[in-house]
Structures are given as C-alpha cells and as structure tokens.
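Okay, so here's the structure we're looking at.
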Amino acid sequence: MKITEAFTLALKNIRTSKMRTFLTMLGIIIGVMAVIVIVGLGNGLSNYVTESFSSLGTNTLTVSVSGRGSSTRNVSVDQMYELVDENSEYLEYISPTVNVSGGVRIDGEQLYYTSTTGVGEDYFKIKNYTVASGRGISFGDIDQRKSVCVIGAYLNDTYFGGSGVGETLRVGGRMFTVVGVLEASSSEPEEGGTDDAVYIPYSTAARLSGTTINSYTITMRSEDYASESKAVLEDALLEIFGDSDSYSVISMSEMLESMTSMINVLVYVLAGIAAISLLVGGIGIMNIMLVSVTERTREIGVRKSLGAKERYILEQFIIEAAVTSALGGSLGIVLGYGLSAIASTVASSAIGSSFTVDPGLSAVMLAFGISAGIGVLFGFLPARKAARLNPIEALHFD
Amino acid sequence: MSALIEFQKVSKIYKMGDATVVAANEISMRIQKGEFVSIVGSSGSGKSTCMNIIGCLDVPTSGTYLLDGRDVGSMNKNELAEIRNKMLGFIFQQYNLLPKLNILENVEVPLMYRGVPRAKRHELAKAALEKVGLGDKLRHRPSQLSGGQQQRVSIARALAGDPAVILADEPTGALDSRTGREVLAMLQELHNQGHTVVLITHDNSIAVEAERIIRLEDGNVVYDGPSDAPEAVVTARKREKGAVGQ
Ligand SMILES: Nc1ncnc2c1ncn2[C@@H]1O[C@H](COP(=O)(O)OP(=O)(O)O)[C@@H](O)[C@H]1O
Ligand SMILES: [Mg+2]
C-alpha cells in the first residue's frame, strides 16, 4: 500500500466526520493561532522599540548627576567637556541638557505641551537635527547667556506662518528671540511631538530655572564603543565623586539591548504558555484517536483479515492524526494571520505610529511543522494500539 | 499430489486461568484443490477455531498446518498477513464491509494491500462485482444495499484477488432462507468454476450443499466423508438420541 493511499483514506475519514474533526483540531488551532499572534506581537514590539531608540540615537550616552549619596562634590560643565576631549578616541560630542518647566507663551497664548530644553552648541549634531533656517545655538549664546532660541517645525508652522526667525516668544516669563528653525522630524509635525520644542542655551536655562546642570548627552564615535565609553566616563566620575551612587551613565544601545532581551524573554514565556495549548491539543487528538480506534476495532479486524500488515494500520492511523493536526495547524496559521492584521491596525492607531504584528515565515513554518509533529507523536500511541489488535478478537468486536 | 490444505495433528488449546480448553484435538485432514467442503458441528465444537487456523488468523498450539505445502505455524505476523491477502478469501456471517467506502472501494481493499495499481484494481473489482450481479451499484454504500446484496459484495471481495481458498463462515446465518439459498448457489457456482470452497456452518441442511462434510465434536473430527452418505448427517442425531435415551 502506498503512502498516498493512506492520505486519501485519512482525508476520507476526516470528511465523513467534519464536526468531530473540527472539535479535535480546536486545541491545535487555538495553540498555533496564539503562538503566531504572540510571536508577531513580540516582533512588532521589538521593531518598534528598536526604531524608537535609533531615532534617539543608539550611539549616545546619557550622564546624570544626582548629587544623592554622601558626596557634596559636583562636576562642572568644563570638566565634562574636558573629559570628552581627553577620550576623543571613543567620544565625540557633548551637550549639557536642562529641562525647563513652566511653559511657553506665544502672543499671549500659553502652550502646555511644548518642551523647552537648555542645550549646548553641539546638541543638534548629536540629535541629527538640521537647522532649516536661521542658525543653531552658538557658543557665544551660551557664554553670554543670551535670550535666544531655536524652535521646532510645529511651532514655526503653527504660530509664525513658517517664518519664525526674528520673532519672539516667552519662556518662564522671559522674552526669547527666535534665531533658528529646525527641519521637521516627521511628515506631520504634531502638538507635543518632537517638533513641538524650544531649545535655548543651557546657561540661560540653568539661570532661568535656578538649577545646576546635572544631565549630559554624549555621542560616541561608534556604537561599538559603548562599553569602553561607559567605562572611561564612570572611572572619571568615580574619581571626582568618590561615590558611585552620585551619577549614572546610561548607554542607549545597552538600554536597547536590555529592552530587546526583555521583550524576547517575555515573548518566549508567552509563546511557551501558548505552546501548552498545543500540547493540550495533541492530547485531545490522542484521546479522539483512541476512541476512534475502539469504534473502528471491527474495521481494523476486517482490514487485517484482508491482509493489512501491522505497519499499514499503524501508518493509516498516524497519518490520520497527522493530517488532522496539520489541518488544524493550517487553520490556526490562517486565523493567526488574520488576527495579526487586525492587531497591527489596532496597535498602529492606538500608539499613533506604524506597528506591524508579523510572526515571520520561519515562525509559521515552525508552527505548521510542530502541529504535524504533534499529530504524529500523539497519534502514535492509538495507532500502535490499533496495529496490535488481535484480528480474531477485532473481527468479533461489537 | 499434495493437498491444498493439510492438518497434521493440529491442536489448539486455550488456557483460561487454571482451566484449559482443548478447542481442537489433534485434528488431521486434507482438502484438495477444487473441493467444496463443509465443516459442521454444534456450537463449541471447534469450527471457528479450525476456520481461524485455516484462515491464517491464528496458529495451532501444536501440530502442523500446511497451506499449499507451506508451514503456516512457523510464520510471523507479517507473513500471515501476506498469506491471508494472497491465498484466502473470507466471507463472514456479518458481511464485514467497511461502511465508509462504496462497494467498489470495499472490493478493492485486499487488492490495495497487495499493491495492485489503482487502474488495475478498479478493473478487477468491477469485474468481481459484475460477476455477483452488482455491476450497476458500484458507487453505493453498503448501508444502501439489502443483506443479500451485501453478502454478494463480500463474495466479490473474496473473489477479486483470485485466492486459493474461499472461506465462508456461516455465510447464510444473517439471511432469510431464500437469499441464503442464492448465496449457497453462488458458492456452488464458484466451486463449479474450480475454486476451493470451505463452508463453516452449524446447520446440517446447509452443510449438505458441499460435496464433502467434516463433522466436529468437542474438537475432534467425528466424520469426514461425502455429504450424501447417510452417516454424514445421521451420526450426530443418533448420538443425540442416545444421549436423550440415557
Ligand atoms: N479465545 C478463546 N479463549 C478461550 N476459549 C476459547 C476461545 N475461543 C474458543 N474457545 C473455546 O474453544 C471451544 C471451541 O470454540 P469454537 O471454535 O468457537 O467453537 P464453534 O465455533 O464450533 O462454536 C469452545 O469451548 C470455546 O469456549
Ligand atoms: Mg463459532
């Protein structure tokens, strides 16, 4: 008997009991669907995080000086600049950053979502922002604590009709002259987004908010130097503070890595849980196959009396289980893709940027393979039971 | 010439706990090619045991069974399956057709296990069904046919592979007497065409359809001879009367 005959026979048996086959497959369908959607979500999340981080610049380090701990010492801006200069084989640019709270006013209108940041002259280079018109923040602005600012495209378009240079706005009650406008970072600049921002000299910002400068963004020559760069900065800061609790050095690429590995762990755990349903599905198949073997005892006896060898009976039942399971797997894949498409749409509109739930071909192939494999695995026991039936007893079974 | 079926002191002993049942007690017999033989006896006399052994569904506890000169007792399960497939055609009391297959597919089953290619299989199965007068119902399911028609399908299935022996186990047991006679006539016809037919029955009136009768009692052969001899059916009755008289 050829293997194709066994397939034909299996399909015939599946066709004659569609409802039962469907219920048998349900565990596999749900399992495969769940695995596909979860892996797809994980991939989507991973991609989303990677994209978000690379827009922040994976070659940047952030140094935060907390001043907490036992130390009363501090590090000056000049010391930080020197530190970068001394380690120029790893480090390239540095900019202090000062967050200014207290809102922006343009023509008497209070803007609540606009962010104001005090920055150094290299900040736009670090961030890969381009000045579209006017100029950036210069050393002179910083040195003299000038009341000048560079604004994002959203503000320029919305409040200054696209020609903001030379106009004025107020931050914290103080008047600033717009000296430059940045290029839009997205095709549709929106309120509260990257393009809804005001940048002023860090020295002015520190004075305005009455704080010391305690945060720096530093770029590396290459993101491969993340660990070296971090080490030199930490060593130097430890020497200054004598206490490792007073500062922290965070590398974006390391953060991305730890985020991605966390997402991966999460996905593995969830996919593992979903895979348990595959196991349950497999047991369901075994259960129904055992029932089926009992129901078809007489058929097995007849087949044996007509000359079926044990191997043929074994093949017939294993193939039936595998076809059932693989069919369930295929259905699960189709449903999983459908659900992924829906999830993509929902997630994209929820977070307001493109989010793709895509399990990828390899995960799908694996899911299909596993479901067929489960059929073979869990079909084996019932099939062997069938194959080993005593033909005389099987013939007289009713 | 050597016999097609030869039993040499064939015994079958069933052990049930402490008790042992001797279902066949050193039975020796020979059935030649082309014979029509009835194996007859009352319930529990050992007919099914003999039929299982002849049909290679079971092997003797002791003694030798030669089928066409080959020792069946030394064969493994696979070899037995192959012998059943090639040498034997079974006709069962309950027809034992596969309900999910149409009757053409049913007749094809033994041919499929033999590895006959699809087209050839169709041809042989169709020819066998035409021979039993069901050539116009090839696509019918067994459940759509009457009992007599179903038994004819099972005869076609037994015939299709052109086996050396046709083994019929109470083939008329589930049929009314008229349909039963038709089936018996069909077996007679097969015998006339040169097939070897072994008919197993408890019913003397059916057993006499064969040309030879082997009568079993408690696992022993008590008569082996022509069916038209007076002792063929009388032996048992005499004994029964004697038993009643005691
Ligand atoms: N599988 C078995 N296990 C135990 N005893 C059996 C078995 N098969 C048959 N027997 C016994 O063997 C004897 C002969 O049985 P069987 O060949 O079925 O007789 P018949 O078919 O003539 O009624 C009976 O006593 C029966 O109980
Ligand atoms: Mg019996």
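The values are calculated or read from the model by the stated rules, or taken from the named source; none is laboratory data. Given the structure is predicted, the values throughout are model-derived calculations rather than measurements. Please note: Cβ atoms are built from the backbone with ideal geometry, for glycine as well, and neighbour counts cover all protein chains shown.
Test residue A:170 against the criterion of being in contact with a strand residue (DSSP E or B) (Cβ under 8 Å, 6 or more places away or on another chain) and surrounded by fewer than 22 Cβ atoms within 10 Å (Cβ to Cβ), and give yes or no.
Working: in contact with a strand residue (DSSP E or B) (Cβ under 8 Å, 6 or more places away or on another chain): yes; surrounded by fewer than 22 Cβ atoms within 10 Å (Cβ to Cβ): yes.
Answer is yes for this residue.
Could you check residue B:96 against (1) within 16 Å of ligand 1 (Cβ to nearest atom); (2) touching a helix residue (DSSP H, G or I) at 6+ places or on another chain (Cβ under 6 Å); (3) not aromatic (Phe, Trp, Tyr) and say which number it fails?
Result: residue B:96 fails condition (1) only.
Considering only helices (runs of 4 or more DSSP H) fully contained in region A:247-361, which possess at least 1 residues that are surrounded by 14 or more Cβ atoms within 10 Å (Cβ to Cβ) and more than 14 Å from chain B (Cβ to nearest Cβ)?
Details: elements: A:252-295, A:297-305, A:310-351.
Result: A:252-295, A:310-351.
List every residue pair whose Cβ atoms sit under 6 Å apart, with the two residues 6 or more apart in sequence or on different chains, where the first one lies in region B:5-23 and is within 12 Å of ligand 1 (Cβ to nearest atom) and the second, anywhere, is acidic (Asp, Glu).
Qualifying pairs under 6 Å: B:11/B:26.
So how many residues does region B:71-103 have that are more than 9 Å from every other protein chain (Cβ to nearest Cβ) and under 28 Å from residue A:15 (Cα atoms)?
Here the count works out to 3.
Specify which of the listed residues (A:394, A:343) is more than 26 Å from residue B:86 (Cα to Cα), touching a helix residue (DSSP H, G or I) at 6+ places or on another chain (Cβ under 7 Å) and modelled with pLDDT under 95.
Within the list A:394, A:343, the selection yields A:343.
Looking at (1) of a type in the set (Gly, Ala, Ser); (2) modelled with pLDDT of 90 or more; (3) more than 16 Å from ligand 1 (Cβ to nearest atom), find the lone condition where residue A:348 falls short.
The failed condition is (2).
Scan region B:55-73 and give yes if some residue there is touching a strand residue (DSSP E or B) at 6+ places or on another chain (Cβ under 7 Å) and within 16 Å of ligand 2 (Cβ to nearest atom), otherwise no. Steps first, please.
Going residue by residue through region B:55-73, those that are touching a strand residue (DSSP E or B) at 6+ places or on another chain (Cβ under 7 Å) are B:55-56, B:60-67, B:71-73.
If we keep only those that are within 16 Å of ligand 2 (Cβ to nearest atom) as well, we get B:55.
Within region B:55-73 (the criterion being touching a strand residue (DSSP E or B) at 6+ places or on another chain (Cβ under 7 Å) and within 16 Å of ligand 2 (Cβ to nearest atom)), the answer is yes, since at least one residue qualifies.
All but one of (1) closer than 16 Å to residue B:215 by Cβ; (2) away from every other protein chain (no Cβ under 14 Å); (3) assigned to a strand (DSSP E or B); (4) not basic (Lys, Arg) hold for residue B:21; state the number of the condition that does not hold.
The single condition residue B:21 does not satisfy is (1).
Name the residues in region A:111-142 that are closer than 23 Å to residue A:193 by Cβ and assigned to a helix (DSSP H, G or I), would you?
A:123, A:124, A:125, A:126, A:127
Please state which of the following conditions residue A:99 fails to meet, knowing it meets all the rest: (1) farther than 30 Å from residue A:354 by Cβ; (2) exposed (fewer than 15 other Cβ atoms within 10 Å of the Cβ).
With respect to (1) farther than 30 Å from residue A:354 by Cβ; (2) exposed (fewer than 15 other Cβ atoms within 10 Å of the Cβ), residue A:99 is out only on (1).
Given the criterion of a type in the set (Gly, Ala, Ser), surrounded by fewer than 21 Cβ atoms within 10 Å (Cβ to Cβ) and either modelled with pLDDT of 90 or more or outside any loop (DSSP other than H, G, I, E, B) (or both), identify the matching residue among A:64, A:88.
Numbers: A:88 fails: either modelled with pLDDT of 90 or more or outside any loop (DSSP other than H, G, I, E, B) (or both).
Every option except A:64 fails the conditions.
For residue B:140, only one of the following conditions fails: (1) more than 16 Å from ligand 2 (Cβ to nearest atom); (2) within 24 Å of residue B:190 (Cβ to Cβ); (3) surrounded by fewer than 19 Cβ atoms within 10 Å (Cβ to Cβ); (4) in contact (Cβ under 8 Å) with a residue 40 or more places away in the chain. What is its number?
Residue B:140 satisfies all of (1) more than 16 Å from ligand 2 (Cβ to nearest atom); (2) within 24 Å of residue B:190 (Cβ to Cβ); (3) surrounded by fewer than 19 Cβ atoms within 10 Å (Cβ to Cβ); (4) in contact (Cβ under 8 Å) with a residue 40 or more places away in the chain except (4).
Residue by residue through region A:7-28, note down the ones that are more than 41 Å from the chain's Cα centre (by Cα), more than 10 Å from chain B (Cβ to nearest Cβ) and surrounded by 18 or more Cβ atoms within 10 Å (Cβ to Cβ).
Matches in region A:7-28: A:10 only.
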